[in-house]
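Some notes on the structure that comes next.
The values are calculated or read from the model by the stated rules, or taken from the named source; none is laboratory data. This is a predicted model, so every value here is computed, not measured. These accessible areas exclude ligands, DNA and RNA; they are computed on the full protein's heavy atoms, side chains included. Shrake-Rupley method; radii C 1.70, N 1.55, O 1.52, S 1.80 Å.
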Amino acid sequence: MVTATEYSFEEALSLRKKTAAEIEKVQLPLLKAHLRQALKIPFYRDLYSAHSINIDSLQQVQDLSSLPLTSRGDLDAAPG
């Protein structure tokens, strides 16, 4: 079973035989864990706050489209 912090190569390969719903069930907790890690970076913490992003409100992988995009210019312009 996949946890939000651990994922093996074998588990990745096994997804090839899963339905889209089963794949999303694995992907969503991993996505949320990744976004929580990003909150440790002031740039992303400020960005998510400015856009009222609540990671826990993400209910499906398609909700990823609600997140703001960033460019290299955004990162270069950030203080720090």
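Only one item in [x] 106; [y] 118; [z] 83 matches volume of the Cα convex hull per residue in Å³ derived from the coordinates shown, and that item is [y].
Full extension of the chain between residue 74 and residue 34 gives 12.4 nm of extra length, using 0.36 nm per residue less the Cα-Cα distance. Using every pair of separate Cα atoms, the Kirkwood estimate puts the hydrodynamic radius of the range 36-78 at 11.2 angstrom. Surface composition of the chain: carbon plus sulfur atoms contribute 56% of the solvent-accessible area (1.4 Å probe, protein chains only, all chains present).
Taking 23 Å as the straight-line reach from the Cα of residue 40, the lysines in range (excluding those fewer than 8 positions away in the same chain) are 32. Accessible area per residue for the chain, computed on protein heavy atoms with a 1.4 Å probe, is 77 Å².
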